[in-house]
Structure formats: C-alpha cells, structure tokens
1. Over all distinct alpha-carbon pairs, what is the Kirkwood Rh of the protein assembly as shown in angstrom?
2. Considering the dipole of segment B:101-167 built from charges on the beta carbon (Lys and Arg +1, Asp and Glu -1) around the Cα centre, which of B:132, B:107, B:153 is farthest to its positive end?
3. Once fully extended, how much extra length lies between residue A:239 and residue A:383, figured as 0.36 nm per residue of separation less the alpha-carbon to alpha-carbon distance?
4. Hey, got the Cα dimensions of segment A:116-240 along the principal axes, in Å, largest first?
5. Find how much the distance from residue A:70 to residue A:51 grows on full extension, using 0.36 nm per residue of separation minus their present alpha carbon separation; answer in nm with one decimal.
6. State, in square angstrom and to the nearest 100, the accessible area buried between chains A and B, both chains counted, probe radius 1.4 Å.
7. Round to the nearest 10 and report in Å² the accessible area of residue A:169, as given by a 1.4 Å probe over the protein chains' heavy atoms.
8. Which distance in nm do the two modelled labels at residue B:394 and residue A:153 give, with both placed 7 Å along the Cα-to-Cβ direction?
Number of protein chains: 2
Amino acid sequence: MARANVKGMSDQESAGPAPSATGGFGRAGRPVRQGALRGHNLGLALRIVAEAATPVSRARIAAITGLTRATASTLVDTLLAGRLVREVELPRTSRSGRPAVGLVLAPGGPGGLGLELNVDYVAATVVDLTGSVVFHEVVAADQRLLDPPEALSRTAALACAGLDAAAAKGVEVCGVALALPGLVEPGRGRLLLAPNLGWRDVDVAGLLRREPRLAALPVSLDNEANYAALAELASGPQEDAPDFVHLSGEVGIGAGIVLGGRLFRGSRGWGGEIGHVTVDPAGPPCSCGARGCLEQYAGQEAILRRAGLSGSAATSLGGEPTIRLLVQRAADGDADLLAALADAANALGVVVAGMVNLLDVGTVVLGGIYGPLAPWIQPAVEAELAARVLWSAWAPPRVRIATKGPESAVLGAATSVVSGVLADPATWLGRGTLRA
Amino acid sequence: MARANVKGMSDQESAGPAPSATGGFGRAGRPVRQGALRGHNLGLALRIVAEAATPVSRARIAAITGLTRATASTLVDTLLAGRLVREVELPRTSRSGRPAVGLVLAPGGPGGLGLELNVDYVAATVVDLTGSVVFHEVVAADQRLLDPPEALSRTAALACAGLDAAAAKGVEVCGVALALPGLVEPGRGRLLLAPNLGWRDVDVAGLLRREPRLAALPVSLDNEANYAALAELASGPQEDAPDFVHLSGEVGIGAGIVLGGRLFRGSRGWGGEIGHVTVDPAGPPCSCGARGCLEQYAGQEAILRRAGLSGSAATSLGGEPTIRLLVQRAADGDADLLAALADAANALGVVVAGMVNLLDVGTVVLGGIYGPLAPWIQPAVEAELAARVLWSAWAPPRVRIATKGPESAVLGAATSVVSGVLADPATWLGRGTLRA
C-alpha cells in the first residue's frame, strides 16, 4: 500500500538527491537554495521509506541517496519528530548483538480526507500516511434536490464525522480533496460546470469552508474521474509506468487517463470528458446542451430510463445504491434492462475504441457501475475494440474490471492528500513549530 | 527558424548544465560520467546558439551555462570543427576596438532528409541545420498501383535527387526520416499497417536501404501526422508550451497531438488515429475493416466519391494535386461538392469535438487538404466545437489553418533529423575522426 501511494504521486518520484548547493542545479537548470535542498532531501528520504517493501535502515537511506550517514540520520530525526515515519525493531543479524532499527511510514501521522459530492450520493474517506482507510462513509441522497450551499453543508457534516474518526485513531487530517462530477477551474476552488447536478460557477471550496473545522485546511478540487484513476493507479496491478483509461460509470461518465504512470489531465485539467463524446449527433438531448452524448446511452440514468426503470425504480431504493438493483434485475434476466445494457455496451465500446485510436492506451478499466455490470458490458466493449482499434490484430487492447468500486474517486481524493505530503514533507513539517 | 527547430526537439531543451562529474546526478538520479558530461554540455552550448535570435558570444555561453570561459570556448571550438556553428563578426562596441565574434548555426553543416510516401504522392525535402529548405520535390503518383519494393525504389530515387541537391549546396545529409500513412512498429523500421495503401507488415527501412546511397544513413519512420505536427510546432505561432492538434487531411486523416510543446505519441507511437474514430457504427466500410470511420466522410477520396468526382476527376488530374481541383470546383459552386464538403465538415466537427472533450486541447489546426478547404470546412467545425465541447462557454476552442500545407509532413520529417543533431551533437560529432 505504501508503495502504491508513491506511484500515485505527481512529480518527484524519479528525482535523485539535489546536487551540492553551490553550483548545483535543479531539473530545470535553476540553482537549488539551501532550504529547498533540505526539503528535497527530506522528501527523498521519506519516499525511500514509503517505496520499500520492508523497514529501511538509516544506513540504507545514506547509501541510496549518497548523503553522509550523519546527514541521513538528521533527516530521519526530522521525519520522526514530524510523525511521518516510526521506528521498528529489525531481526538481529548474526554479526551484531545490538537490535537494528528500521523505519516505516507512521500510521498515526498526517492523513488525508477525501470527499465526493456526486449526483446521487456524498462520500467521505480518511486514509493515513500508509494509505490505510481509517474512515469511509457513503450517504445515498439525490444532490439535485439541494442547492449548492445545502449540499455542501451536508458534505461538510460528513467530513466532520471523518475528522472525528481520524482523531480517535490518532490521525491528523492535513488536507481535504473533493471529487466533483464536473469541470473545476484550475487552481481556484471553483466548480465551473457540473451538467448532471445542474450547477454552474459555484465557489465550492468557499462553501465547504463555511464549516469552521474545515476552514483551516487546504482544500483541493478535481473531477471525480481523475481521482478515481489515481485510486486505480495506486491499487491496480503494479506495472512499471502503466498506461490505462479508467472509466467512471455513474449518472455521468468520466475517463481518468493514466499515461506512463501519471494522470493525464489535459491543458486545464478538463480532459477525459468521455461522457460528452458524441454517439449520434441527432441523438437524445444531454444535460450539457448537446445531443447524442455517450452519457445518454451508457450513463446510469440513461440505462434506467431505457429499461423503463426511471423514476419508480430510482426512488424505490430506500437508500440502497441503484447499482445493486441494476445488477439484481440483470441477473434475473429483465429483458428491457438487458436490452438497455446491450445498447449501453455497444455505445460505450464504439466511443472507447475511438478514444483508444486517439490515445494509444493499452488497457481499459471498467470502473464505477461498469465494474459490477461487467458481465453484461465487457464482451460488447471488447468486440468493438477488436473491430475498431486499428492495431487490434497486433496489440489487442485489454479490458479489465477496476480493483476498486464506486468508492474509488473518494479514495483517490484522500490518497492524493497524503501523496502530497510524501512528495513534499517539508511543507507539512514547516506548518508549525517544526519549521527549521 | 533556428528557434523553431529547437522547439521541435524531443527531450532535452529544458536541461541545465550537468552537475559536476563526481557525485553529480542526471535527471533520473543516475551518476553522469565524464564523456556524457561533455556531450551534455556540447548540446547545451549548441542549443544556446540555436535558440538565440542574434549571434551569441563565447562569453555569453559561459555566463548562461555557468561553465568557465575556457571550457565554454573549448566546446565552441568543437562545434566549429564539426561545422555545427560558424563565426560571424559582431558590430564593434564603443568600449573595445577589436571586432567581437558571435556564433550562429552553420548552414553548410549536417542536414536532414525527409521523405513521405503517401497514397497519391511521394515527396522529399532536405533542410540544413538552421531549418532552411535546400531541396523540396513532390511527385504525384498513386502508390496503390505499386508493390512496396517498387514504391520504395521510386522513393529512394527521389531521395537521391535530394542528396545531390544538398551536396551541391555543401549540406551533408546525416539521417533520413520517412513519413508514412500508417502504423509504424516502434523502433524497428517496419510498417505494421497502412490501410489506405493496402500494406501490412512491410520492412520499409530495409527496402529503402536497398539504395546504396541510403544504406549508410540512419533511417527513422513515423506516422505522417506526427511529422506534420512537428512541422506545425516549429513554424506555427511561437507560444510557450503550445497545446494543439494538427489535423492532416489527406486520403486518410491523422491527428498530430502536441501537448505542452511536445508531440504526444501514445504508448507505442500509434496515437492520433482520428481517421478511424467512428462517425456511425453502421456507416460505409472503411479500408481498416471497420465501418463508419471518419475517413469515409471527411477523407479526400470520400469527399470526391460523395461529390461524384471519384475516378474521373482523380485520374484526369494530369499530375495536378487533387486538392487544387477540389478548391477550384468548390469556388465555382459545384453543388454536389459543396454538399459533400458540408457532410465532411459536420462529421469532422463532431469527431474533433469528442477529441477535444477527451484531451482538453485548446487549439485545432486544419492541415493537409483542410487548409485550402477551410472556407468550406472551418465554420461547421467551429459550430460543432461550440455546441459539443463541455467548456466552450468558458474557453472556446480555437480553430486555425496550418502554417504549412500538405508538405508539412515531409518538412517535419526533415526537421526531426536536424533536431536530433541539435539535441545530441556529440553523437553526430563522434561519427568519425572527431570522436573525443
């Protein structure tokens, strides 16, 4: 799990130690100052601990980084004081009578709070620095019936339950990441557009911070498909620099694109809007204002509507997630639902084949509702890929089910917070009295 | 032009000088050896000359790199001896009586030979190190009537004409890059598939090297859309880290995707196959074996066919490029052609909008035949983007005409060769007696 966290990190995992501060240069040819150098090396030491499968000695950190033992030991002391790592006793070796001490990530240090506000539920997850989940709760409720302040007030209440649960386990939440089913303004904390919520230009971070316990925490926002892909990157098969597209099937449909082991977000973070790729230019109207978008064929509500389950079924759930009902009815052989799923799968397969032709990505991951619905979705998607991807004869695209279910977005959001600490521990350590 | 070349380079443009050889580390944390260090610094000095708008002094190279004047001067001497740079006299300054000497890229040094073998023509271009074209020739001929050995033999003959013209101008061709309308096997010199040529699994590089004058030169292959995008990157508006998709409209349709100033090629270099994105799953059969691909609506032959100009028109050209006939007839108001162009533009716009939703790219560049056909294509593409791109209200995608015409692929191929020299001059310099 620790290793997985590191794989999800953004920018620094391949950096070596910073060269000497005098005359040394960082990656982009800029000189590295002393403070930044220490921060760089702190991060390097922490990631060596995070990436290791077994506890790491101080000597090993010195050997890997090329730093002196004294310097490495000082870095480790700082990480210990900041509760980012803890010491564990290693088995005695034959050559020494003293017990050796190894370092592992500290489960009781900083943690990340992930939130998700989606069309028909809100969710909160807290993970500790090792990536272990210490709190997870989902509340099924149609957010379209609420205005943004009300919806975010309820989300904040769920967040507070997460903070309490984390505190009870000794985890200090150091940041909040909120997954949203729409376009987020880069770096601003605003939601530009969430067609399926009917929201436009909402100061989501500001509304969330009306809750005093969240006001002091850094808040990040991103599209839920991006966070879901990060969760899949962390928990999926551990390949070297994996390429995949994770499909988040919900009421809307998003694609989280991972290329070479990194999330591809496009120039402003708006990429992956596969739900609004056109299936039929003259098709049914979409919430986005266009016609014939994939969501109108393969989104959860489109499937319900085409199966004649709209309204009645969706409102008779009594808090049960809609997807359970869909799986049950499909397994029971509901003919209308099976026809709707076949249409959904064909449309999804045609659009995904087009995406693969554009992106040259090797693997398609069925996430969200497409995971549990895979028995009725996957064969048609594979058939369309085989028929339509130009290189399918040489290198057939793989299709697999996501390792995480619909909770992947909120988990990925929570993980992104602790990934930030692993990437830059100095900023976290410098927040209070530990500032050097 | 020199600056533009550098922008098209692959990997090294943002690298600073290598840190000291003892204890220094390269970007990925690996130690840098002495020979690699010299190569790194040679490239750095050469790129400073290439990127500068005016001649660069040795002192300036020392100042930018942080190297000593003596070291910088030794590097410059090596570049001069290798005919990569030449000295020009600078205007006298008031403070010194001596004429100062500046450095510019050498026009008479190594050059790149670009070739393109496309469905209805072959082309060759030679550029010198400054990116200036010293040879360009296009031969209109239907390559589908030839088998691969015959087609590549004719391409090689055209290449030899380019070598002769370059030699007459003192340019030594140091590599060949061949643009193809299909999928190239990564790193192998083989063409996997070119649906519009009807070719599968052809040892293109081997066939080209049957010509003895090409046998000794390194040969690279890539999809023509990728090379065309590189040419657009080099010659288009000089922005910082531009994002665009360059559409290569030919008989087939390719997309060259540039993100953050770099060509995005997908995991195996097969990305950008927009011509095989589906418009209608039940549409006309495509050369790739699927149905309803974009090429069957918006490719050159599809437009001719839908306009009733197939065969007769295409064969009555007498060597005149088909695109001139199309533009003439469209300008004359040929109703069938205008209807075909309207259908092509709508299909293209719908598919491009889907691509923008996936990639979050800000600009679409109409290249190949879409440049001259822009009066009949661009408005409909813009309308579909406005209607279908999720963020068009906040950040409307831009559509512009390519700065280069159908020759962009062969030009980009030629430029890629000299970009390789600029990125790694040590390898070029080390080819013979200059090896250090």
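The values are calculated or read from the model by the stated rules, or taken from the named source; none is laboratory data. As the structure is a prediction and not an experimental result, all values here were calculated from the model. Every residue, glycine as well, gets a Cβ built from its backbone with ideal geometry; the counts of neighbours run over all protein chains shown. The protein model used for the area step is the full one, side chains on, heavy atoms only, and it has no ligands, DNA or RNA in it. Shrake-Rupley method; radii C 1.70, N 1.55, O 1.52, S 1.80 Å.
1. Numbers: mean 1/r = 0.0340 Å⁻¹.
Evaluated on the protein assembly as shown, it is 29.4 Å.
2. It is B:107, whose Cα lies furthest towards the positive end.
3. Working: separation 144, 0.36 × 144 = 51.84 nm, distance 2.54 nm.
Length gained between residue A:239 and residue A:383: 49.3 nm.
4. Computed over the Cα atoms, the extents are 36, 36, 28 Å.
5. Details: separation 19, 0.36 × 19 = 6.84 nm, distance 2.20 nm.
Once the chain is fully extended between residue A:70 and residue A:51, it gains 4.6 nm.
6. Details: alone 18940 and 18930 Å², together 33580 Å².
By this definition, chains A and B bury close to 4300 Å².
7. 120 Å²
8. 2.6 nm
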